[in-house]
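The values are calculated or read from the model by the stated rules, or taken from the named source; none is laboratory data. This is a predicted model, so every value here is computed, not measured. Methodologically, a virtual Cβ is constructed for each residue, glycine included, from the backbone with ideal geometry; neighbour enumeration extends over all protein chains shown.
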Amino acid sequence: FRSLLEVEVTRAQVFHRKLALVMVRFEGAAQVAWRLHGPKIQKQLRPVDRIGLYAQDTLEILRVEATYEDVDALVNGIAPPIAGDGPRFYCGVAFFPDAARSGEELIAVARKAAMAAGPANPRQTVLPGNSSRAGGTIASDKKEDADGPVVGSPAMKAIYQTVDRVAQA
């Protein structure tokens, strides 16, 4: 899965397309939940999408050429609002290049979002700038330069914004 993810990240970078990594974490009897609900999840995937087992209780889904709306519909189909005592599914979503710039970073960000999801917010999405959005829809109009620097510090982001303004002048 990881080698395929790296290939798809490279392809997405070359063709300036988005891809999404969705981590689905099962709460409770993970093996039972996977056997019962795995086929339902697989039916929602396209032939080009890939699914893998990240851990005993966690699946990873690679959605290539993804749009926010497309992934939102997929996640809502996997982790609808929780009702009753049935199995609980929590999803973490990260987009390339918005939230991460490599396959390993994408996995780390999506995993962190999946771990942050819980009963109150079963869906966590990492948006551009590594901010997250709980539940609801995935929405962002912000575009990032795929060839730009990877900067996490707010102070460094401010410096790069100043450099961009000066360069335009």
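A few notes on this one:
- 1 or more residues of a type outside the set (A, V, I, L, M, F, W, C) and at pLDDT 75 or above: qualifying strands (runs of 3 or more DSSP E) within region 56-169: 58-63, 88-96, 123-127
- Within region 109-127, the residues that satisfy the criterion of being surrounded by 24 or more Cβ atoms within 10 Å (Cβ to Cβ) and polar (S, T, N, Q) are 124, 125.
- Hey, residue 13 at pLDDT 85 or above and assigned to a helix (DSSP H, G or I) or not: yes
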